[in-house]
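Novice: Mind looking over this structure? Questions follow.
The values are calculated or read from the model by the stated rules, or taken from the named source; none is laboratory data. All figures in this text were calculated on a predicted structure; none of them were measured in a lab. Here the Cβ positions follow ideal geometry from the backbone for every residue, glycine too, while neighbour counts run over all protein chains shown.
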Amino acid sequence: MSFPKGFLWGGAVAANQWEGGWQEGGRGPALTDVTTGGTVDTPRLITYIDKDGKHGTLTRGQKLPEGAHYAVLDEYHYPNHDAVDGYHHYKEDIALFGEMGFKQFRMSISWSRLYPKGIENEPNKEGIEFYRDMFREMHKHGIEPLVTIWHFDTPLYLEEELGDWKNRELIDHFVRFANTCFKEFKGLVHNWLTFNEINNTIQFLDMGGANLPDQAYQDAYQHLHHQFVASAKAVQIGHAIDPTNKIGCMICGITWYPGTCDPKDILANRHAWEKNIFYCGDVQCRGEYGTYAKRLWKEHNVKLDIKDEDYEDLKRGTVDMYTFSYYMSQLVTTHEVKEKVGGNFSAGAKNEYLKYSDWGWATDADGLQYYLEMIYDRYHKPLMVVENGLGAYDTVEADGSIHDPFRIEYYRLHIEAMNRAIENGVDVIGYTTWGCIDVVSAGTGEMRKRYGFIYVDMDDEGKGSMARSRKDSFFWYKKVIASNGEDLSD
Ligand code: BGP
């Protein structure tokens, strides 16, 4: 097995799941700050106070009642407030990543740390200094930052007062934020991603077979159009500020398979790829909507508001690389589903050939090879796997050690699959495992769903010392990086 010279091994986190410090350094609140913890079976709740002062909760996608305001309520625990306190531990964490030999570390910038409400004309200097220091620290350890500009954390003010991304005004606010990032961190950061898992907006709609009104689709497609334009404008600005910048899209990569060989399932599978995967990738890599987009809009009577200049922007702002997360594959079928997969973020028919995690996610390394080969053939752009991993329970032994052979096995299979794709000619330039240090789960808000090579002493109720310790997988990944992927043995 061999990986290209200079292959970018590393790990990834997101500000809202790692950083904490939600009210420090001038930061404003984001939606994740009014989101409670959940479990594999119970959803996270978004909390508010209604116009009569009564407390209420919503689940993702539900609308805030007229006159209500998002609010932090005493009776709930909000895991993202402190997360795993990267805000105060970043030097220690980066040193540990350096010890593992990371070539790059993927993290995100909290929008509300730079623009507390999102609408200010000038950025918060303290926020800029915080990230500058973090980037300098990474370089000290020979680690190149890979920065996600938006990772699920629009400032709460923009959500509540402007109605989030379905409002076109968000484009300008985002572009101002992105411009600040490119300008202030010039020379420290060369690799950027605009929107994390941009396609989730579509994927979430159909999850669990929800039968949503056409308006939900109208809003979702309009929301996405605004993000596409915002991303394309950011790409143009990023290139103008520093032509050496490499800027990518970030897609939630799920490999779809037909549930049976019924031609109807084969066609449904093709359509699932178009809707869930290609719709966003085509706009961001090719600069225009795919031919099937009209069909998708028609299915739900969607009438998109697209300005003439948007077509130009989309064309001029195509990305330099395609990056994606990969955790699992999924089946699509037109037939009755006998056995369903439970768990957050995975729904639908169970694939009898695969094993499922405690959170219902299918482990499928071949699916990663399939995805890499399919996508490279479509766009011919360099690819990076910027999230991959297994959310699992860890046990701390009496002597403090943590044995996680299941995690090592998961990574071994996926690194081998990535290598097969490279041998078949796919240009894969980097790999950052998700949650290289334990972080708050995005889907469930749990701490017990752990991905890290580094354990963090923190539980679901917010109790723990935040102390960091090395799991067995820490030493294994260190060896993998040192051998540039050749030594995957225990
Ligand atoms: C992706 C997100 C990440 C991350 C990961 C794992 O969707 O980009 O933020 O959290 O999934 O998901 P979870 O945390 O729900 O296990």
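Novice: If I go through the stretch 93-122 residue by residue, how many of them are within 22 Å of Ile454 (Cβ to Cβ), crowded, with 16+ Cβ neighbours inside 10 Å and in contact (Cβ under 8 Å) with a residue 60 or more places away in the chain?
Specialist: The number of residues fulfilling the criteria is 14.
Novice: Considering only residues that are surrounded by fewer than 21 Cβ atoms within 10 Å (Cβ to Cβ) and more than 16 Å from the ligand (Cβ to nearest atom), which ones fall in the stretch 186-205?
Specialist: Lys186, Gly187, Leu188, His190
Novice: What's the number of the condition Ile143 fails, among (1) touching a strand residue (DSSP E or B) at 6+ places or on another chain (Cβ under 7 Å); (2) among the β-branched types (Val, Ile, Thr); (3) closer than 18 Å to Gln227 by Cβ?
Specialist: Among (1) touching a strand residue (DSSP E or B) at 6+ places or on another chain (Cβ under 7 Å); (2) among the β-branched types (Val, Ile, Thr); (3) closer than 18 Å to Gln227 by Cβ, the lone unmet condition for Ile143 is (3).
Novice: Same structure again: What residue, among those in the stretch 382-425 that are among the hydrophobic types (A, V, I, L, M, F, W, C) and surrounded by fewer than 19 Cβ atoms within 10 Å (Cβ to Cβ), is nearest to the ligand (Cβ to nearest atom)?
Specialist: Ala392
Novice: Same structure, new question: Being more than 19 Å from Asn269 (Cβ to Cβ), within 16 Å of the ligand (Cβ to nearest atom) and part of a helix (DSSP H, G or I): is that true of Tyr371 here?
Specialist: no
Novice: With respect to Leu296, is the statement that it is in a helix (DSSP H, G or I), modelled with pLDDT of 95 or more, among the aliphatic types (A, V, I, L, M) and farther than 21 Å from Ala230 by Cα true?
Specialist: Criteria met by Leu296.
Novice: State which residue pairs qualify: first residue free of Cβ contacts under 8 Å to residues at least 24 places away in the same chain and within 19 Å of His300 (Cβ to Cβ) and inside the stretch 266-288, second residue assigned to a helix (DSSP H, G or I) and of a type in the set (Val, Ile, Thr) in any location, beta carbons under 7 Å apart, and separation of 6 or more residues or different chains.
Specialist: none
Novice: May I pose another question? Give the residue that is nearest to the ligand (Cβ to nearest atom), with candidates limited to residues of the stretch 426-453 that are touching a strand residue (DSSP E or B) at 6+ places or on another chain (Cβ under 8 Å) and charged (D, E, K, R).
Specialist: Ranking the qualifying residues of the stretch 426-453, first place goes to Lys449.
Novice: Within the bounds of the stretch 330-341, is there any residue that is within 16 Å of the ligand (Cβ to nearest atom), closer than 22 Å to Arg106 by Cβ, polar (S, T, N, Q) and within 22 Å of the chain's Cα centre (by Cα)?
Specialist: The answer is no; no qualifying residue exists.
Novice: Can I ask one more? Which residues, counting only those in the stretch 260-293, are among the acidic types (Asp, Glu) and farther than 15 Å from Val332 by Cβ?
Specialist: Asp282, Glu288
Novice: Might you let me know whether the stretch 343-361 holds any residue that is more than 16 Å from the ligand (Cβ to nearest atom), within 23 Å of Arg470 (Cβ to Cβ) and assigned to a loop (DSSP other than H, G, I, E, B)?
Specialist: No; the residues of the stretch 343-361 include none that is more than 16 Å from the ligand (Cβ to nearest atom), within 23 Å of Arg470 (Cβ to Cβ) and assigned to a loop (DSSP other than H, G, I, E, B).
Novice: Also, I was wondering about something else. Kindly list the number of the only condition in (1) over 19 Å from the mean Cα position of the chain (by Cα); (2) within 16 Å of the ligand (Cβ to nearest atom) that fails for Trp111.
Specialist: (1)
Novice: How many residues are among the hydroxyl-bearing types (Ser, Thr, Tyr) and either part of a loop (DSSP other than H, G, I, E, B) or within 16 Å of the ligand (Cβ to nearest atom) (or both) if we restrict to the stretch 241-288?
Specialist: Total satisfying the criteria: 3.
Novice: All but one of (1) closer than 25 Å to Val302 by Cβ; (2) free of Cβ contacts under 8 Å to residues at least 60 places away in the same chain; (3) touching a helix residue (DSSP H, G or I) at 6+ places or on another chain (Cβ under 6 Å); (4) not in a helix (DSSP H, G or I) hold for Ile198; which doesn't?
Specialist: (2)
Novice: Could you check the stretch 13-29 and list, in sequence order, the residues that are assigned to a loop (DSSP other than H, G, I, E, B) and within 16 Å of the ligand (Cβ to nearest atom)?
Specialist: Val13, Ala14, Glu19, Gly20
Novice: Here's another thing I want to ask about it. Test Phe324 against the criterion of being out of contact with any Cys (no Cβ under 9 Å at 6 or more places or on another chain) and either at pLDDT 95 or above or surrounded by fewer than 19 Cβ atoms within 10 Å (Cβ to Cβ) (or both), and give yes or no.
Specialist: It is false that Phe324 is out of contact with any Cys (no Cβ under 9 Å at 6 or more places or on another chain) and either at pLDDT 95 or above or surrounded by fewer than 19 Cβ atoms within 10 Å (Cβ to Cβ) (or both).
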